[in-house]
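*Asks:* Have a look at this one.
The values are calculated or read from the model by the stated rules, or taken from the named source; none is laboratory data. Computed from a predicted structure; not experimentally measured. Positions of Cβ are backbone-derived with ideal geometry, glycine not excepted, and every protein chain shown enters the neighbour counts. The accessibility values were calculated without ligands, DNA or RNA, using every heavy atom of the protein model including side chains. Shrake-Rupley method; radii C 1.70, N 1.55, O 1.52, S 1.80 Å.
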Amino acid sequence: MHLDQVSGKRILLVDDQPGVRQAIRLLLQVDDHAVTEATNGTEAFDLFSGGVFDLVITDYDMPGIQGNQLAENIKRVSASQPVIMITAFIEEVGTRHNPVDAVLGKPFSFQELRQTIALVLQKRLLSEVS
């Protein structure tokens, strides 16, 4: 798997800001990912529980369930589920229990998003093989 050639994955995208969700969805769709959107952690967990996703991308700072709590709930149900956290609060995220596979600081470039997705999915693939 080349770092920039991951496409066609089912991705659950969670962010409470519609503009941020729309921008990230558009970037993901460039690589033919099927994107399901959630506006908060509760909605996201409901969607996750009823669906199958290759990857979850969640914001950290959201009303109700924070991104790290969402990731914890998801990992309880599916320990190998890849989760990427996006946040403008990179320092704060690093000091809390955070079961995500990668953290991407906002703002980030399209290239950084692609590389992070590829690395996280490659890590999962390697753990399934071993």
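*Asks:* Rolling a 1.4 Å sphere over the protein heavy atoms, what is the accessible area per residue of region 16-79, to the nearest Å²?
*Replies:* Working: 3010 Å² over 64 residues.
Result: 47 Å² of accessible area for each residue.
*Asks:* What is the sum of charges around residue 61, taking Lys and Arg as +1, Asp and Glu as -1, for the other residues whose C-beta is under 11 Å from the C-beta of residue 61?
*Replies:* Values: positive: 106; negative: 15, 16, 59, 92.
Local charge sum for residue 61: -3.
*Asks:* Under 15 Å Cα to Cα from residue 9, which aspartates and glutamates show up? Leave out anything in the same chain fewer than 8 places away.
*Replies:* The reachable aspartates and glutamates, counting only those whose Cα sits under 15 Å from residue 9, are 31, 32, 37, 54.
*Asks:* A further question follows. Can you tell me the order of 55-64, 77-86 when each peptide is scored by its average per-residue count of other Cβ atoms within 10 angstrom, highest first? It would help to have the intermediate numbers written out before the result.
*Replies:* On the way: 55-64: 21.3, 77-86: 18.7.
Highest to lowest by the protection proxy: 55-64, 77-86.
*Asks:* Could you check how much of the accessible area of the chain is carbon and sulfur, as a whole percent, using a 1.4 Å probe?
*Replies:* Values: 3430 of 6590 Å².
On the chain, the fraction of accessible area on carbon and sulfur atoms equals 52 percent.
*Asks:* While we're looking at this one, here's another question. What 222 nm value per residue comes from the helices of the chain, counting each DSSP H run with n ≥ 4 as -39,500 (n - 2.57) and dividing by all residues, nearest 500 deg cm²/dmol?
*Replies:* Working: 5 runs with 58 residues, N = 130.
After summing the helix terms and dividing by residue count, I get -13500 deg cm²/dmol.
*Asks:* A further question follows. On full extension of the chain, what length is gained from residue 16 through residue 29, given 0.36 nm per residue of separation minus the C-alpha to C-alpha distance? Could you put the intermediate results ahead of the total?
*Replies:* Numbers: separation 13, 0.36 × 13 = 4.68 nm, distance 1.93 nm.
Stretched out fully, the residue 16 to residue 29 stretch lengthens by 2.8 nm.
*Asks:* Scan region 17-100 for trypsin sites (Lys or Arg not before Pro) in coil per DSSP, keeping those whose Cβ has at most 11 other Cβ atoms within 10 Å, and list them by number. It would help to have the intermediate numbers written out before the result.
*Replies:* Details: sites: 21, 25, 75, 76, 96; in loops: 96.
The qualifying sites are 96.
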